[in-house]
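Below is one structure, written out as structure tokens; the observations come after it.
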Amino acid sequence: NAGVTQTPKFRVLKTGQSMTLLCAQDMNHEYMYWYRQDPGMGLRLIHYSVGEGTTAKGEVPDGYNVSRLKKQNFLLGLESAAPSQTSVYFCASSSGSSDTQYFGPGTRLTVL
Amino acid sequence: KQEVTQIPAALSVPEGENLVLNCSFTDSAIYNLQWFRQDPGKGLTSLLLIQSSQREQTSGRLNASLDKSSGRSTLYIAASQPGDSATYLCAVNAGNNRKLIWGLGTSLAVNP
């Protein structure tokens, strides 16, 4: 039981490049979340999903897109990376909206 | 708008001390409150979840209390150990969409 995994662990992009972050969970959770964590700002929700095929905007969705084609996977895409998107990105999942969230190890992204 | 504050931002104690971390929130209409631990460069690990109807939860040397009316929660760590060194975050589950609202965390250092 791997829990929540994230790929890649580290990535450096140039401004304007695109990339996709992959999150996978093996706990059969309905809810999945993408957060970013920045010094002094805490965790901020980017997008979330309440089930396969659904996505919704969080607190800071601009510049990001997501997809949940399979229940176990939640993808976060950056179409045209900007330096302001330099951050640590965390994926999380939970069985319900009020239940404990389980986090992945994070992806450290630097945009030059 | 719900806001979550954690005091102190940083704490350094000698091994063996009992200590209290504080979390306050501005709107008492919450579903639950969750405490997490984050080790440097790692993801978040759930420690305790207190439902709005509960007063406290215990897990080993950890005890979390909740006072909704005053908008406060405390995390009590008994007989602290160097392995407890980490950042502790609290988050409240609130609102129609039941998303987590996060504090900035308390960075704890337990010195041998």
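For beta carbons closer than 6 Å, sequence separation of 6+ or different chains, a first residue in segment A:34-50 that is in contact (Cβ under 8 Å) with a residue 12 or more places away in the chain and a second that is acidic (Asp, Glu), the qualifying pairs are A:44/A:59; A:45/A:59. Which one of the conditions (1) in contact with a helix residue (DSSP H, G or I) (Cβ under 7 Å, 6 or more places away or on another chain); (2) under 26 Å from residue B:90 (Cα atoms) does residue A:78 fail to meet, given that it meets all the rest? Against the list (1) in contact with a helix residue (DSSP H, G or I) (Cβ under 7 Å, 6 or more places away or on another chain); (2) under 26 Å from residue B:90 (Cα atoms), residue A:78 comes up short only on (2). Take residue B:37 and decide whether it is loosely packed, with under 14 Cβ neighbours inside 10 Å and of a type outside the set (Asp, Glu). Taking the combined requirement at face value, the residue does not satisfy it. Within segment B:6-25, the set of residues being in contact with a Gly (Cβ under 6 Å, 6 or more places away or on another chain) and hydroxyl-bearing (Ser, Thr, Tyr) comprises just one member, B:24. One residue is enough: does segment B:73-88 have a residue meeting the conditions over 30 Å from residue A:10 (Cβ atoms), open to solvent by 50 Å² or more (accessible area, probe 1.4 Å), part of a strand (DSSP E or B) and not basic (Lys, Arg)? Within segment B:73-88, one or more residues are over 30 Å from residue A:10 (Cβ atoms), open to solvent by 50 Å² or more (accessible area, probe 1.4 Å), part of a strand (DSSP E or B) and not basic (Lys, Arg). In segment B:42-58, the residues that are away from chain A (no Cβ under 12 Å) form Cβ pairs under 8 Å with partners that are surrounded by fewer than 14 Cβ atoms within 10 Å (Cβ to Cβ), at six or more places apart or across chains, as follows: B:55/B:67. With the condition kept exactly as written, say whether any residue in segment B:32-48 is touching a Lys or Arg at 6+ places or on another chain (Cβ under 8 Å), not in a loop (DSSP other than H, G, I, E, B) and not polar (S, T, N, Q). Among the residues of segment B:32-48, at least one is touching a Lys or Arg at 6+ places or on another chain (Cβ under 8 Å), not in a loop (DSSP other than H, G, I, E, B) and not polar (S, T, N, Q), which makes the answer yes.
Tallying residues that are under 15 Å from residue A:104 (Cβ atoms), open to solvent by 70 Å² or more (accessible area, probe 1.4 Å) and hydrophobic (A, V, I, L, M, F, W, C) within segment A:3-21 yields 1. Just one of the listed residues (B:73, B:107, B:85) is hydroxyl-bearing (Ser, Thr, Tyr), over 17 Å from residue B:23 (Cα atoms) and at pLDDT 95 or above, and it is B:85.
Close Cβ contacts (under 9 Å, 6 or more residues apart or on different chains) running from residues in segment B:17-33 that are over 22 Å from residue B:85 (Cα atoms) and more than 13 Å from chain A (Cβ to nearest Cβ) to residues that are of a type in the set (Asp, Glu) and surrounded by fewer than 15 Cβ atoms within 10 Å (Cβ to Cβ) comprise B:25/B:3; B:26/B:3; B:27/B:3.
The values are calculated or read from the model by the stated rules, or taken from the named source; none is laboratory data. Everything numeric here is computed off the predicted structure, so don't read it as measured data. Quick reminder, even Gly has a Cβ in these numbers, built from the backbone with ideal geometry, and neighbours come from all protein chains shown. Heavy atoms of the whole protein, side chains included, go into the accessibility calculation; ligands, DNA and RNA do not. Shrake-Rupley method; radii C 1.70, N 1.55, O 1.52, S 1.80 Å.
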